[in-house]
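Peer 1: The structure follows.
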Amino acid sequence: GLVRPEQQEWTTAIDLPMGVASGLGGAWLMAFWTAPRLVSGYPVWASSFLQYCTVVACQAHHGYFACMPSYGPRSPAAGWPASLLARQLGTIEAMTWYSLLSMVLLCFGLFMWARLVHGRTAGVAAALLASCVSALVWLVRDLSFLPVKNACWVLMAACVAALFRTEKSWKPVLITGLVCGLSFQVNPRGIVIGLALLGAAMAATALRAG
């Protein structure tokens, strides 16, 4: 095949650091190389920007549950990490850093998905080449919860790949369950994508048990 046998075997001491490095490298390319050439010099926001700011600012100053009725259709779980940053940086700066960190997570997920499906070289290539996809590059400057939503679905796809490709163990099943639950909390309205991935995860779990 195209992949050497040593690249097929999962080694946590090698693959996890490579995933983190690929996530950081892919996000850095998006933010500081590709985005200045594809996106305007300012952050990107939409008409619902006020709702995102409300979720982040209210959680930062009053707690997770205090302003729940004012969140509207926006997920409080998606805004919670940004609210932790907002306590020190302010709302806008926190959302800017949150988008960048979400893209680190997305590129990390791309590495894991491609590594599990093919090999380590494919994982590095997937993470770095994501910086060439304009739709993903826009997310690094998008001041909303869209970057973290996409990152969660990519991580969910990587977990499904792990269920199909790794040996029988309870760890991939547990991690997949946690990531699936988190993804639905972050993006309850992404049920179309989520149910497809959840169905694949259930099928993979059934195959592992059988």
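Peer 1: So if I take the centroid of the Cα atoms in the stretch 90-148 and the same for the stretch 190-205, what is the distance between those two points in Å?
Peer 2: Using only Cα atoms, the two centres lie 21 Å from each other.
Peer 1: Sticking with this one: For the stretch 100-210, with every protein chain kept in place, what is the accessible area per residue (1.4 Å probe, Å²)?
Peer 2: Value returned for the stretch 100-210: 47 Å² of accessible area per residue.
Peer 1: To the nearest 10 square angstrom, how much accessible area does Ser134 have with a 1.4 angstrom probe?
Peer 2: For Ser134, solvent-accessible area is about 60 Å².
Peer 1: Kirkwood hydrodynamic radius of the stretch 99-210 from all distinct Cα pairs, in Å? If you can, show how the numbers build up before the last one.
Peer 2: Values: mean 1/r = 0.0700 Å⁻¹.
When all Cα pairs of the stretch 99-210 are included, the Kirkwood radius is 14.3 Å.
Peer 1: Rounded to the nearest 10 Å², what accessible area does Trp28 show when all protein chains are kept and the probe is 1.4 Å?
Peer 2: My reading of the accessible area for Trp28 is about 140 Å².
Peer 1: Got a number for the accessible area of Thr12? Probe 1.4 Å, square angstrom, nearest 10.
Peer 2: 80
Peer 1: Which whole number in µm²/s is D for the chain by Stokes-Einstein, with the Kirkwood Rh taken over Cα pairs at 10 °C and 1.306 mPa s? The partial results should precede the final answer.
Peer 2: Values: Rh = 17.9 Å.
In µm²/s, the coefficient is 89.
Peer 1: At 1.4 Å probe size, with the rest of the protein present, what percent of the exposed accessible area of the stretch 114-210 is carbon and sulfur atoms? If you can, show how the numbers build up before the last one.
Peer 2: Working: 3520 of 4730 Å².
Answer for the stretch 114-210: carbon and sulfur cover 74 percent of the accessible area.
Peer 1: In the stretch 130-146, whose amide N lies under 20 Å from the spot 7 Å out along Cα-to-Cβ of His61? List them in ranges.
Peer 2: Flagged as within label range: 144.
The values are calculated or read from the model by the stated rules, or taken from the named source; none is laboratory data. Everything numeric here is computed off the predicted structure, so don't read it as measured data. Cβ coordinates were reconstructed from backbone atoms using ideal geometry, including for glycine residues, and neighbour counts include every protein chain displayed. Accessible surface is based on the protein model in full, side chains and every heavy atom, while ligands, DNA and RNA are left aside. Shrake-Rupley method; radii C 1.70, N 1.55, O 1.52, S 1.80 Å.
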